Amino acid sequence: MTRKNTKILMYHRVINNPFVPAVTPEEFDRHMGYLKRHFNVLPIRELLKAQASGEVPNNAIAITFDDGHQDFYTHAWPILKKYNLPATLYVTTGFIDNQCWLWPDLLRHILLTTPAQHVVADGINTLPLTEAKVLSTWNTIASYCLNLSSDERTQYISNLASQLNVDIAQKPSPLFCGVSWDNLREMASEGLDVGSHTVSHRILSNLSDEELTTELATSKQRIEDELGNNCTGICYPNGMLVDISPSVDALSLASGYRYGVVAFPAQDPANRMRVGRWPAPKDFRVFKRLVNGVTRRANITGERA
């Protein structure tokens with residue numbers, strides 16, 4: 001068992017759809033049942049406080065979710081309640097307000113709904129859009145998009161939609177929509193901790209100080225206004241080393257956040273603005289190895305693959 005080797009798990013979606021990377025509800029239930037039986041699951045704020053005081057209980061784990069898709073409310077939260085396990089959900093407030101898509105979702109939506117059979121775009125070769133190949137094509141284009149700035153990526157995806165004859169609605173389609181503020185209020189009243197994942201999920205290291213302040217402070221205020229709770233945690237979009245910077249750390253602190261989480265497990269215990277997390281694997285055998293401290297397959301560098 002992990003004993004003092006604490007871990008913070010990172011999830012995104014709990015849904016059973018062949019075109020959406022996710023843990024299925026059945027897999028998630030199995031994960032949570034195992035944690036309930038064998039681990040001391042703490043809210044992330046309590047875990048960080050315990051680490052700071054040097055009084056971490058044995059087998060301590062925290063559960064976190066990014067983005068705020070609707071399936072967190074319909075699938076993940078009922079399972080967390082079933083096992084009485086605490087969790088933190090970091091929401092992108094513009095996404096919750098139906099003001100923007102999350103760009104990986106929008107790219108997936110375009111590729112899944114276009115009538116075209118292949119795509120040709122700047123920076124990539126001709127790629128197939130058949131049902132059997134669309135996920136591979138999404139991976140190729142998404143990897144290319146990761147190397148663009150937020151504004152460049154927005155324009156690139158817009159051009160792609162035009163080329164593929166897909167109209168983009170402002171509100172995400174049902175498969176990719178977010179929870180509502182009413183959903184969040186209900187879950188917060190039942191114990192859910194809600195943190196910020198910025199306003200629009202832009203890569204923070206590419207932004208000016210003014211843009212950074214908007215993404216950080218505006219999202220925090222929006223959450224607090226809607227839920228009436230103090231929002232203390234910021235989850236950095238994409239969350240690799242290249243996506244954050246000393247300015248991001250400093251402005252996060254100035255905006256009132258007490259801690260920040262990244263999307264890789266490397267962690268300096270003294271730096272609460274770079275708290276590491278472990279992506280939760282789907283496969284239950286791999287999941288058990290991870291939470292029990294066998295992490296040979298994990299990427300702990302924080303560098304983009």
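The values are calculated or read from the model by the stated rules, or taken from the named source; none is laboratory data. Everything numeric here is computed off the predicted structure, so don't read it as measured data. A quick note on method: Cβ atoms are made from the backbone with ideal geometry, for glycine too, and the neighbour counts reach across all protein chains shown. Surface areas here come from the heavy atoms of the whole protein model, side chains and all, with no ligands, DNA or RNA. Shrake-Rupley method; radii C 1.70, N 1.55, O 1.52, S 1.80 Å.
Select, from ALA169, ALA132, ALA121, the only residue that is in contact (Cβ under 8 Å) with a residue 40 or more places away in the chain and more than 18 Å from the chain's Cα centre (by Cα).
Criteria check complete, one pass: ALA121.
Among (1) in contact with a strand residue (DSSP E or B) (Cβ under 6 Å, 6 or more places away or on another chain); (2) touching a residue at least 40 places away in the same chain (Cβ under 8 Å), there is one condition MET32 misses while meeting the rest; what is its number?
(1)
Of the conditions (1) among the basic types (Lys, Arg); (2) at pLDDT 95 or above; (3) more than 20 Å from ASP283 (Cβ to Cβ), ARG30 satisfies every one except a single condition; which number is it?
For ARG30, the failing item is (3).
Which fully enclosed helices (runs of 4 or more DSSP H) of the range 113-197 have 2 or more residues being farther than 24 Å from GLY94 by Cα and either open to solvent by less than 30 Å² (accessible area, probe 1.4 Å) or touching a strand residue (DSSP E or B) at 6+ places or on another chain (Cβ under 7 Å) (or both)?
In the range 113-197, the matching helices (runs of 4 or more DSSP H) lie at 134-145.
Out of all the residues in the range 13-49, which are among the β-branched types (Val, Ile, Thr), buried (at least 16 other Cβ atoms within 10 Å of the Cβ) and closer than 19 Å to VAL179 by Cα?
VAL14, ILE15, VAL20, VAL23
I need a count of the residues in the range 201-224 that are part of a helix (DSSP H, G or I) and of a type in the set (Lys, Arg).
2
Taking the range 277-291, which residues are within 13 Å of TYR34 (Cβ to Cβ) and either open to solvent by 40 Å² or more (accessible area, probe 1.4 Å) or part of a helix (DSSP H, G or I) (or both)?
Listed by number, the residues that qualify are ASP283, PHE284, ARG285, VAL286, PHE287, LYS288, ARG289, LEU290, VAL291.
From the list ARG202, ARG274, ARG285, which one is among the charged types (D, E, K, R) and under 17 Å from ALA62 (Cα atoms)?
ARG274 is the lone residue from the list that is among the charged types (D, E, K, R) and under 17 Å from ALA62 (Cα atoms).
Do you know which of the residues in the range 50-63 that are of a type in the set (A, V, I, L, M, F, W, C) and in contact with a Lys or Arg (Cβ under 7 Å, 6 or more places away or on another chain) is most open to solvent (accessible area, probe 1.4 Å)?
Top of the filtered list is VAL56.
For the range 218-243, name all the residues that are open to solvent by less than 10 Å² (accessible area, probe 1.4 Å), among the hydrophobic types (A, V, I, L, M, F, W, C) and in contact with a Lys or Arg (Cβ under 8 Å, 6 or more places away or on another chain).
CYS231, ILE234 - these are the residues of the range 218-243 that are open to solvent by less than 10 Å² (accessible area, probe 1.4 Å), among the hydrophobic types (A, V, I, L, M, F, W, C) and in contact with a Lys or Arg (Cβ under 8 Å, 6 or more places away or on another chain).
Considering only residues that are under 18 Å from VAL179 (Cβ atoms) and open to solvent by 20 Å² or more (accessible area, probe 1.4 Å), which ones fall in the range 81-105?
Result: LYS81, PRO86, ASP97, ASN98, GLN99, CYS100, TRP101, PRO104.
Of the numbered conditions (1) over 15 Å from the mean Cα position of the chain (by Cα); (2) at pLDDT below 95; (3) outside any helix (DSSP H, G or I), PRO21 satisfies every one except a single condition; which is it?
Evaluating PRO21 over (1) over 15 Å from the mean Cα position of the chain (by Cα); (2) at pLDDT below 95; (3) outside any helix (DSSP H, G or I) leaves (1) as the failure.
This table checks each residue for (1) among the hydrophobic types (A, V, I, L, M, F, W, C); (2) closer than 25 Å to VAL261 by Cβ.
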position	(1), (2)
GLN155	no, no
SER158	no, no
ASN165	no, no
SER173	no, no
PHE176	yes, yes
ASN183	no, yes
GLU190	no, yes
HIS201	no, yes
SER205	no, yes
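Can you tell me which residue within the range 255-270, out of those that are more than 19 Å from the chain's Cα centre (by Cα) and free of Cβ contacts under 8 Å to residues at least 12 places away in the same chain, is surrounded by the most Cβ atoms within 10 Å (Cβ to Cβ)?
The selected residue is ASP268.
Against the condition free of Cβ contacts under 8 Å to residues at least 40 places away in the same chain and aromatic (Phe, Trp, Tyr), how does TYR73 come out, does it pass?
Considered against the rule, which asks whether it is free of Cβ contacts under 8 Å to residues at least 40 places away in the same chain and aromatic (Phe, Trp, Tyr), TYR73 comes out as no.
Which residue, of SER149, SER196, SER208, SER180, is in contact with a helix residue (DSSP H, G or I) (Cβ under 8 Å, 6 or more places away or on another chain) and modelled with pLDDT under 95?
Residue meeting the stated conditions: SER149.
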